[in-house]
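Trainee: If you scroll down you'll find the structure; I have some questions about it.
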Number of protein chains: 2
Amino acid sequence: MIKTIHIVVFVSFLILGCSQDQEGKLPAHPSLSLSVSEAQEVVAGLEKYPLLASSYQELKGAADGAISADIEVPLPGEAGGYAHEKHKQNYRDMKNAGYLFTFTGDTAYAFFVKTMLDEYALLYPTLGPHPLSAKQKPGRLFHQVLNESVWLLNTAQAYDCVYEWLKPEDRQKYEDNIFNPMVELFSVKYAEAHDQIHNHGMWASASVGMIGLAMGNDEYVERAIFGTKNNGTGGFLAQVEHLFSPDGYYMEGAYYVRYAIRPLLFFAEALERNRPYMKIYEFKDEIIKKAFYSMVQMTSPSGEFFPINDASVSMNILAPGVLYGTSVIFDRYGFDKNLLGLAKIQGEVYPNGAGLKLAQAYAQEPEVTEPSWSSIEFVDGDDGTHGGFGILRSGEGKDQTVLAMKYGGHGLGHGHFDKLHFMFYDGGEDVVPDYGYARWVNIETKYGGRYLPENNSYAKQTIAHNTLVIDGKSQNDGNRKAADKVHASRHFFDVSNPEIQVMSATTDVHYDGTSLQRTMLLIEDQRLEYPVVLDIYRVESEKKHQYDMPIHYKGYIMNTNFEYAGDSQVQKPLGTSSGYEHIWKTAGATVTSDAMITWLDGHRYYSYITDVPSKSEILFGMTGANDPNFNLRNEPVFITRTSGKDMVFASILEPHGYYSLAEESSISVHPTIQELRVVGHSDEGTVVEVLGAKDLHWTIMINNAVADADAEHTVDFSGETYSWKGNFKVIQK
Amino acid sequence: MIKTIHIVVFVSFLILGCSQDQEGKLPAHPSLSLSVSEAQEVVAGLEKYPLLASSYQELKGAADGAISADIEVPLPGEAGGYAHEKHKQNYRDMKNAGYLFTFTGDTAYAFFVKTMLDEYALLYPTLGPHPLSAKQKPGRLFHQVLNESVWLLNTAQAYDCVYEWLKPEDRQKYEDNIFNPMVELFSVKYAEAHDQIHNHGMWASASVGMIGLAMGNDEYVERAIFGTKNNGTGGFLAQVEHLFSPDGYYMEGAYYVRYAIRPLLFFAEALERNRPYMKIYEFKDEIIKKAFYSMVQMTSPSGEFFPINDASVSMNILAPGVLYGTSVIFDRYGFDKNLLGLAKIQGEVYPNGAGLKLAQAYAQEPEVTEPSWSSIEFVDGDDGTHGGFGILRSGEGKDQTVLAMKYGGHGLGHGHFDKLHFMFYDGGEDVVPDYGYARWVNIETKYGGRYLPENNSYAKQTIAHNTLVIDGKSQNDGNRKAADKVHASRHFFDVSNPEIQVMSATTDVHYDGTSLQRTMLLIEDQRLEYPVVLDIYRVESEKKHQYDMPIHYKGYIMNTNFEYAGDSQVQKPLGTSSGYEHIWKTAGATVTSDAMITWLDGHRYYSYITDVPSKSEILFGMTGANDPNFNLRNEPVFITRTSGKDMVFASILEPHGYYSLAEESSISVHPTIQELRVVGHSDEGTVVEVLGAKDLHWTIMINNAVADADAEHTVDFSGETYSWKGNFKVIQK
């Protein structure tokens, strides 16, 4: 599976470069992410560039706080517990102090790093494998070796900063007692994990490479770059090559890439500084640039990453890797207003030469505005053939409307059974959210902050997402290995008309014997206050199935156009498996025509109107069943349930009106759109009509055959003939 | 019951004043809240005072938007519906336009007011009583006459502004067709409601008085001031006299006073301008000042009103009456830094002469900080003998810690069965909240925005609050008439030591045959990160009862020191009446020693430790049962349940640590305090011990006898003798 073409080209290049430039040279220190001359420039720029000055002051405040406190290197402890957090704080403190030493020359900072390393040099050799690891590979300081790589990657930079100041015998002591044993652990004992294409492998190789560069140990550096077998099947280049699709999409999702991009960027930058002939920033058609840009576009208008896969719903572009990247990418790939916009939200720059350039440009820009990303589709898979991820955007800034659909690969161990799942952001809220992970990260009393059992039993399951569930089972029957072998497929993506943006994707490999096609449109109309989502989900099946269409929402139900019966006296779970066991049934209804549900979320109303086949059910639910340890968040969902063979689920989601409880003001609790009708569907096309107040009458035609922007289509439904050219047509009357 | 002393004095004063100053004078227009000379000063000050300028620009923007849109005066409709909101918007638009006409002299604004009044003059005579009132007295434009008073109070000011510009025949038309019929409705047809001491009566009398002043109709003004019987038993003065306790506390709570204070201040100010000899601002020892200051102190650190009684949890100091009051109170009662602080949060001043003065002072102040209110106790009842409301505060600004306890009267129809109930604010969150009301105000699809049935069945009940529930029944068995006859009592309130603040209250009239005493302390200790709450709730009873101590919280359970069994497969309500039927039981435990529960709310952990008598239960619950229309919010609670006769429930609530999901950072998930012990209690005193890490050891002694700051107390418990002087003693070791 692994393509090696880029690596092969690159290896020959590297060997050539190596013979030319590297003979007998010892690296000047520091050289990993900051140099002495760069530090002088930064200090000189503090008065001129406010963004740089505030970043520097924050760094200095942290370093000064650290060196004035007692040094403590505790015995290892529980994940998320005191010792765990203390060892994390220690590497941050050492790196900050190393930087401040480089900026100021004040040996108090260097002495702090030395004293702490002395303590680690005493402790580390006494430690065996951490006894409290669960399923993870144990480190010695931490319950999992991953955290130890993070420790080393940071400490390598601290060491780099004080290297010249240290006595040779101290250097020898730290290398013998800490760094060499760590490299041994990461790249010999766990050689397989080091070489595995995974964010953990990225951390392992980058940390080995960083300490190798700091120590002047070329063997470590080569191992980090080319893998433990020194053949490019593992190591940093293989990670960079295979973790990203050709346009930079990361199969594990944005939450993980913001974590993986930290070692990637730190080691890439260290290589650029120490092995410039490698031209690492040009590798694989500038894949590092693409990876960064892909990541920062996988975000809500408020800057939170789309929480697909095992992701936190709160992680955002303030994460350290993104902060570093904004400065480094600006420096290495050139001016971009959107990077200034990112820096505006982040409120800081990285305190080195790259951050200096960014702060300069920021100060010179007449008006810096928040980033305005455009609609975009990312392909998935390292060769770009494993489906993708589509993002439709409308409007500007935090009030942007965003519709995102996931139709790529599964995403390895952190993948969810969520193909053709969508998320919708509007009015600054995640209106139709992804649950993210079931985890209270770093909270010791919550299973040591690890993934909780409910992550597998609920968060990963199909019903936890906004996509069709067939026969109450998850896609690929919840089997990760089966899911990893397949992927959904792109059908078409067309954002040429900003008022009618469309994306369509398919799969026939996630539920046996079924073909699914989801087409989602983001449509503007001057009679509507905000863009609306039109969702056309077509199912083909030879056999009869139960179909559940869940919509997760936030807030409270304000209105329905049908009667429902609340489960008021007794509440039971919606099912017994596939995640249904975690959803209390709170109410239910039988509906026979267009069903409308209006809820309130933040300051806006949202109405969902779906054209149900006769005698469908609407089920209302709330997560939290079979959750005896209060591990889940309690969030509401409604599910349209019907059964049949071939079918189109068409629905529309309209944001409207305004509500403020503080102002006691309510405007337009009723939507403009009133009716939705599936006129017909065939292998050629689907036709849907939408009707509303103000004489709103839309006809939407979708191509169900092979995607082709030029093909002509004609279908006859209910005595009417519909013709169009290309993948879709929308008539707005 | 009604004391008339102030009114009697005042009436003689008024008659005197009247004969001296008022002969033959016609008021110059406008004169209610703005004059022509004042308007000129405001305009002249726009360039100098940014706060005034932005307020003016906002007003102008609203007025310009209104006059450029079509005028629409719809037929009356459902509460919260389109027509309802439109009539509200219309009075706002007319008032804004009237003000702009006064500021600019631009007749386009005056013409707008005229044209709209023409429409109302056509419509109003055709209307009978509004057909969609529920239990309320119907208006004609609105489903309840209250809204119509609001309409008139605002429209009177618009009319006042354009009065001189209008032709006499137009004035006659509006008075004949709109204003006189409205006054007839408010003060003749509903004379009883007009004179009733209630916020509705305040609105009725103030609106009648305002239009009376605008029209130059002295009879209306007198009626408004002295009531429909013209004897001071009703009307504005009686409202001001009896709605507030001697220190300005309003028995219906802050949510209602922010509504009642609007007509109070507008009419008071109009009287001061038109009947200055009344000296209304001196009435009842400056009760208007006290009412305002009491109101703005009944707030969380973020400026939301304590949501006691039927209150919205979101209503805050941006409410129009508070905005007007900040300017007027500053103008009439003089400089106060806290008023500047309020203006800072509000971000605006009222655009008249009072706002001009406030904006001037604001611009001259070197640094305006957010208001810093102090600990304070308010007495309840118009003679101040009906218990009270205590507020303990520690710290500054939005991160202030606030502990509030309610021990006054019931509060009429909007009262809750919540005596000795507390609320706790910390870290910018309402950590132990009051549910407020069960209502989606102004949302037409939610029962027309009215109070919902669940307001009576849940929100008013004792279990919806943070106070003891005996035998699963609400105080006074949920009978409002019984509750209105009694009140809780002050015991002592001592904030002389800012590190140990204490309040204590009692009642023996809310549960038959029981005496309750709740003593709450807000304690600082340098070993603790934040002030903690110590709660000592003593019960005496001859008979055995079931005791439930509910703590409502927000967020998620992170830890307990006991095993509990989740109600994972089936969820049932906690009971069948008194509000218990609305709480799902989510988990339960049997505990035999100190129980500790830690939850996460915002960025902080909170640990509750309670010394349970042997074999108690801890019940976890979530609101939402027996709620077939999704009317309730879903909020968690835990309840300590035990049974017995005499008993002390002692508990401590400790805020600690830090959590950020976005930063994936967790600090100190475990509290410092570990144990709490009721050493003993008697009619003389209660002794409690608190133990924790860092050798923390406190002994707390509380006086249970008659409050007396000088009395000596000695008690013997478990062979130890405890002696102290005064109402309490805390030894911190």
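Trainee: Scanning for something part of a helix (DSSP H, G or I) and more than 22 Å from A:Gly415 (Cβ to Cβ), does the range A:298-318 turn up at least one residue?
Mentor: no
Trainee: So if I check each of A:Arg677, A:Arg633, which one is part of a strand (DSSP E or B), surrounded by fewer than 20 Cβ atoms within 10 Å (Cβ to Cβ) and touching a residue at least 12 places away in the same chain (Cβ under 8 Å)?
Mentor: A:Arg677
Trainee: With within 12 Å of chain A (Cβ to nearest Cβ), of a type in the set (Phe, Trp, Tyr) and farther than 19 Å from A:Glu635 by Cα as the only criterion, which of B:Tyr547, B:Tyr564 stands out?
Mentor: On the way: B:Tyr547 fails: within 12 Å of chain A (Cβ to nearest Cβ).
Of the residues listed, the single one that is within 12 Å of chain A (Cβ to nearest Cβ), of a type in the set (Phe, Trp, Tyr) and farther than 19 Å from A:Glu635 by Cα is B:Tyr564.
Trainee: In the range B:649-674, how many residues are in a strand (DSSP E or B) and either among the charged types (D, E, K, R) or more than 14 Å from every other protein chain (Cβ to nearest Cβ) (or both)?
Mentor: 9
Trainee: Okay, next question. Could you grab me the full set of residues in the range B:62-116 that are free of Cβ contacts under 8 Å to residues at least 40 places away in the same chain and on the phi > 0 side of the Ramachandran plot?
Mentor: The answer is B:Gly105, and nothing else.
Trainee: Looking at the range B:324-341, I want the residues that are closer than 12 Å to B:Tyr293 by Cβ and have a partner that is basic (Lys, Arg) with Cβ atoms under 8 Å, at least 6 apart or on another chain. Which pairs are those?
Mentor: What qualifies is B:Ile329/B:Lys289; B:Phe330/B:Lys357; B:Tyr333/B:Lys289.
Trainee: Sort out which residues of the range A:452-482 are in contact (Cβ under 8 Å) with a residue 40 or more places away in the chain, assigned to a loop (DSSP other than H, G, I, E, B) and farther than 30 Å from A:Arg393 by Cβ, and write them in order of number.
Mentor: Once the filter is applied, which keeps residues that are in contact (Cβ under 8 Å) with a residue 40 or more places away in the chain, assigned to a loop (DSSP other than H, G, I, E, B) and farther than 30 Å from A:Arg393 by Cβ, the range A:452-482 yields A:Leu452, A:Asp471, A:Gly472.
Trainee: Given (1) modelled with pLDDT of 95 or more; (2) within 30 Å of A:Gly80 (Cβ to Cβ); (3) assigned to a loop (DSSP other than H, G, I, E, B), where does A:Asn442 come up short, assuming only one miss?
Mentor: Condition (1) is where A:Asn442 drops out.
Trainee: Another question, if that's okay. Under the condition of being touching a strand residue (DSSP E or B) at 6+ places or on another chain (Cβ under 6 Å) and without any contact (Cβ under 8 Å) to a residue 40 or more places away in the chain, which residue from the range A:613-630 is farthest from the other protein chains (Cβ to nearest Cβ)?
Mentor: Across the range A:613-630, the extreme among qualifying residues is A:Pro613.
Trainee: If B:Gln569 satisfies all but one of (1) in contact (Cβ under 8 Å) with a residue 12 or more places away in the chain; (2) within 14 Å of chain A (Cβ to nearest Cβ); (3) exposed (fewer than 15 other Cβ atoms within 10 Å of the Cβ); (4) not β-branched (Val, Ile, Thr), what's the number of the condition it fails?
Mentor: (1)
Trainee: Also: When you check A:Phe305 against the structure, is it of a type in the set (Phe, Trp, Tyr), within 13 Å of chain B (Cβ to nearest Cβ) and touching a strand residue (DSSP E or B) at 6+ places or on another chain (Cβ under 9 Å), yes or no?
Mentor: yes
Trainee: Also, I was wondering about something else. Quick one: count up the residues across the range A:207-231 that are crowded, with 20+ Cβ neighbours inside 10 Å and part of a loop (DSSP other than H, G, I, E, B). Walk me through it before giving the result.
Mentor: Filtering the range A:207-231 for residues crowded, with 20+ Cβ neighbours inside 10 Å gives A:207-215, A:220-221, A:223-228.
Imposing the further condition that a residue be part of a loop (DSSP other than H, G, I, E, B) reduces the set to A:227-228.
Adding up the residues that qualify gives 2.
Trainee: Can you pull out the residues in the range B:146-198 that are in a loop (DSSP other than H, G, I, E, B) and more than 28 Å from B:His242 (Cβ to Cβ)?
Mentor: If the condition is that a residue be in a loop (DSSP other than H, G, I, E, B) and more than 28 Å from B:His242 (Cβ to Cβ), then B:Tyr163, B:Glu164, B:Trp165, B:Leu166, B:Lys167 are the ones that fit.
Trainee: Now, a different point. What's the number of the only condition in (1) away from chain A (no Cβ under 14 Å); (2) touching a Ser or Thr at 6+ places or on another chain (Cβ under 8 Å); (3) crowded, with 21+ Cβ neighbours inside 10 Å; (4) in contact (Cβ under 8 Å) with a residue 60 or more places away in the chain that B:Gly449 fails to meet?
Mentor: (1)
Trainee: Taking the residues in the range A:636-674 that are without any contact (Cβ under 8 Å) to a residue 12 or more places away in the chain and either of a type in the set (Val, Ile, Thr) or in contact with a Gly (Cβ under 7 Å, 6 or more places away or on another chain) (or both) as candidates, determine which candidate is surrounded by the most Cβ atoms within 10 Å (Cβ to Cβ). Quick ask: steps written out before the conclusion?
Mentor: First, the residues of the range A:636-674 that are without any contact (Cβ under 8 Å) to a residue 12 or more places away in the chain: A:661-667.
This time we only want the ones that are either of a type in the set (Val, Ile, Thr) or in contact with a Gly (Cβ under 7 Å, 6 or more places away or on another chain) (or both), so: A:666-667.
Working: A:Ser666: 26, A:Ile667: 17.
Step by step, filter the range A:636-674, then rank; the result is A:Ser666.
Trainee: Could you please give the count of residues in the range A:579-612 that are in a loop (DSSP other than H, G, I, E, B) and within 13 Å of another protein chain (Cβ to nearest Cβ)?
Mentor: Restricting attention to the range A:579-612, the residues satisfying the condition of being in a loop (DSSP other than H, G, I, E, B) are A:579, A:592-594, A:602-603, A:611-612.
If we keep only those that are within 13 Å of another protein chain (Cβ to nearest Cβ) too, we end up with A:602-603.
The qualifying residues number 2.
Trainee: Among the residues of the range A:617-665, which ones are closer than 13 Å to A:Tyr547 by Cα and within 27 Å of the chain's Cα centre (by Cα)?
Mentor: Once the filter is applied, which keeps residues that are closer than 13 Å to A:Tyr547 by Cα and within 27 Å of the chain's Cα centre (by Cα), the range A:617-665 yields only A:Ile639.
Trainee: So which of B:Gly427, B:Gly413 is away from chain A (no Cβ under 14 Å), surrounded by fewer than 21 Cβ atoms within 10 Å (Cβ to Cβ), under 17 Å from B:Lys135 (Cβ atoms) and touching a residue at least 60 places away in the same chain (Cβ under 8 Å)?
Mentor: B:Gly413
Trainee: Next question. Pairs only if they're at least six apart or on different chains, beta carbon under 7 angstrom, first in the range A:504-525 and outside the structural domain of A:Ala482 (by TED's automatic domain parsing) and in contact (Cβ under 8 Å) with a residue 60 or more places away in the chain, second small (Gly, Ala, Ser) and surrounded by fewer than 22 Cβ atoms within 10 Å (Cβ to Cβ); list them, first residue then second.
Mentor: The qualifying pairs do not exist here.
Trainee: Identify, from the list B:Gln239, B:Gln196, the residue that is in the same structural domain as B:Leu34 (by TED's automatic domain parsing) and crowded, with 22+ Cβ neighbours inside 10 Å.
Mentor: One residue alone meets the criteria, B:Gln239.
Trainee: Which one of the conditions (1) in a loop (DSSP other than H, G, I, E, B); (2) away from every other protein chain (no Cβ under 14 Å); (3) surrounded by fewer than 21 Cβ atoms within 10 Å (Cβ to Cβ) does A:Lys419 fail to meet, given that it meets all the rest?
Mentor: With respect to (1) in a loop (DSSP other than H, G, I, E, B); (2) away from every other protein chain (no Cβ under 14 Å); (3) surrounded by fewer than 21 Cβ atoms within 10 Å (Cβ to Cβ), A:Lys419 is out only on (3).
Trainee: Oh, and also: Search the range A:370-410 for residues being more than 20 Å from A:Pro498 (Cα to Cα) and among the hydroxyl-bearing types (Ser, Thr, Tyr), and hand back the single one that is surrounded by the most Cβ atoms within 10 Å (Cβ to Cβ).
Mentor: A:Tyr407
Trainee: Would you be able to say whether some residue in the range A:447-466 is closer than 30 Å to A:Glu524 by Cβ and charged (D, E, K, R)? Please lay out each step first, then the result.
Mentor: Of the range A:447-466, the ones closer than 30 Å to A:Glu524 by Cβ are A:465-466.
After this cut, where a residue has to be charged (D, E, K, R) as well, the list is none.
The answer is no; no qualifying residue exists.
Trainee: Return a yes/no flag: does the range A:273-290 have any residue that is surrounded by 23 or more Cβ atoms within 10 Å (Cβ to Cβ), of a type in the set (Phe, Trp, Tyr) and touching a residue at least 40 places away in the same chain (Cβ under 8 Å).
Mentor: Checked the range A:273-290: no residue is surrounded by 23 or more Cβ atoms within 10 Å (Cβ to Cβ), of a type in the set (Phe, Trp, Tyr) and touching a residue at least 40 places away in the same chain (Cβ under 8 Å).
The values are calculated or read from the model by the stated rules, or taken from the named source; none is laboratory data. Here the structure is a predicted model, which is why all the values come from computation and not from measurement. In this analysis, Cβ positions are derived from the backbone assuming ideal geometry, glycine residues included, and neighbour counts consider all displayed protein chains.
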